[in-house]
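The values are calculated or read from the model by the stated rules, or taken from the named source; none is laboratory data. Quantities reported herein were computed from a predicted structural model and do not represent experimental measurements. Backbone-built Cβ (ideal geometry, glycine too); neighbour counts: all protein chains shown.
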Amino acid sequence: MNQTFISSIVHEAPFVIANGQLYQISDLVEGKDFIRSGNINLGLIPSANLAEIELFELNSRSKEIFNYKKRYIEEELDKEFISKSDIKSKENVTTALNFILNEFLPLMIDTSYEVGDLLGVDLKGNKTGKQIIDNIVKNETQIGQGKDLEQDVAKMRKIIEAKQAKGPTPLFPAEKKEEEKTVLGKITDFLTGKEKTENPNHSVLGEMIQNVSLYFSKGQVYKLQPAKETEGVTFVINGKNYSLLHFSDLAYFENQYLEQFRRVLQNQALTEFDKQFQKVLEGIANKRNGFDEFMKKNQFSYGNLGYVRSEDSFYVYWEVPKFAMQNPVKTNMCNPYSPAKVAVRVQASNGAIYLGDHEYIIDKMIHPTLRNWDKQFCDICHLDRKRRGTSAKDAMANLSDGINSFTNGLTQESLRAHGDLSEDAAFFGVSLKKVFEKTGYLSIEDALAQGYRITNVWDVDAFQKELDKYKEKYQNKKLAGALAEAKVGAKA
């Protein structure tokens, strides 16, 4: 719920709320309520009262409101379940893992699926990354149903009810009056149809503004204050004169109203969702228990995506299949590499997420951009690393940069930065020539035939020539095979 009837109406025309009633402005003056400005009078035509309008809102937006209430229950239970769990002592790890499972990995799955690079799994049913990870977490463990869960439901309800504010709070100071029922009780009875009354204050907005009259126009809200007839604009309602006093802009007022309205819906949700309370809690318990199982894991994978944990750090990776980088000097050749897990390091401290200053290769391997070939979680060197924030999108962008640098980073610019436009260029004190002696050489044609992805293609013409050779040879082989089969078939 992001807006109320107020913003919808005020965009069409100015209006007045007085005595729990909405008044529309008309060129015709038909009663005792009007606006006077000099010799000009405009009529104030009574429309629906606030309770009727809010009831219409509830009916016309019933599905949206139902989903809001359900989501509120789920979120409150989830918060309370987490806060009472026995993993509170590991808050930093919990925060980091929550970020990975709820935000980063789902985004990685969605991204890899979009670019056609999700390997080793089949996304059936077009599930989102969030749905996939949620299902995996829930399936990690199964919990039983019974008295313990019922007791938890009752306990959680009391805790959430105790925290929940009861009913709307008046926006303007007013004298207290004796009430037969609490504000929340009156509003709930009215909105649920338990008590029918013509009292317009039986509405969220009516209880919020009390007996104050308001004028809404051009994105602003004005308070109508009692005044003697003046030469300026005068509002006459029920025979009384009012002048305008600016109160706030429309956005502020509507936010206040939304907050009060949501509060009433939240209180309703606590009583209406009796049957669903247990189901919701059971689902959360499943998820939390599955989360506990993930807390014990040192690694997790979904296709070519996953993470490896090292103490309180998580290296969230995207595994690149075997690739061959076009040699920066001998452009018809390339240098092959085995599959590599390129990762972003995720940590947390005091509730905040931190991403590592580098991207990393999880397993030991030989590569020019790695400082130490014998080190696990070795950082990748690249010339132009951008500084970003700590959102899942930022983490995804960092990971993308790391993959690009690792597979396409041996450019002419990079060689110049390392001393020479030849294989004598030194990376961390080791020449490219010595690196390539260890990784080996393949012609681009042979690399394609062996199923390598060709990367680092900076000389497109040279690459295209080799690609054409490969295609021609492959097609000739195919043709020869087809002819051989035809001859065998003819003899038979």
Q.
With the requirement that a residue be in contact (Cβ under 8 Å) with a residue 12 or more places away in the chain and β-branched (Val, Ile, Thr), what does region 431-464 give you?
A. Val435, Thr439, Ile444, Ile454, Thr455, Val457
Q. Considering region 311-329 alone, what residues qualify as being more than 17 Å from Met365 (Cβ to Cβ) and touching a residue at least 12 places away in the same chain (Cβ under 8 Å)?
A. Asp312, Ser313, Phe314, Val316, Gln326, Asn327, Pro328, Val329
Q: Output the number of the condition that Thr197 fails; it satisfies all remaining conditions of (1) over 24 Å from Ser37 (Cβ atoms); (2) at pLDDT 85 or above; (3) surrounded by fewer than 19 Cβ atoms within 10 Å (Cβ to Cβ).
A: (2)
Q) When you scan region 420-438, how many residues do you find that are surrounded by fewer than 17 Cβ atoms within 10 Å (Cβ to Cβ) and either of a type in the set (Ser, Thr, Tyr) or in contact with a helix residue (DSSP H, G or I) (Cβ under 6 Å, 6 or more places away or on another chain) (or both)? A) 2
(Q) surrounded by fewer than 17 Cβ atoms within 10 Å (Cβ to Cβ), under 23 Å from Asn211 (Cα atoms) and under 39 Å from the mean Cα position of the chain (by Cα): is that true of Glu52 in this structure? (A) yes
Q | Enumeration of residues in region 22-35 that are within 51 Å of the chain's Cα centre (by Cα) and not small (Gly, Ala, Ser) | A | Leu22, Tyr23, Gln24, Ile25, Asp27, Leu28, Asp33, Phe34, Ile35
Q. Does Ile6 count as crowded, with 17+ Cβ neighbours inside 10 Å, at pLDDT 85 or above and in a strand (DSSP E or B)?
A. no
Q | Every residue from region 383-407 that is surrounded by fewer than 17 Cβ atoms within 10 Å (Cβ to Cβ) and within 22 Å of Gln326 (Cα to Cα) | A | Leu383, Asp384, Ser400, Asn404
Q: Kindly indicate whether any position in region 444-452 is polar (S, T, N, Q), at pLDDT 90 or above and assigned by TED's automatic domain parsing to the domain that holds Asn327.
A: yes
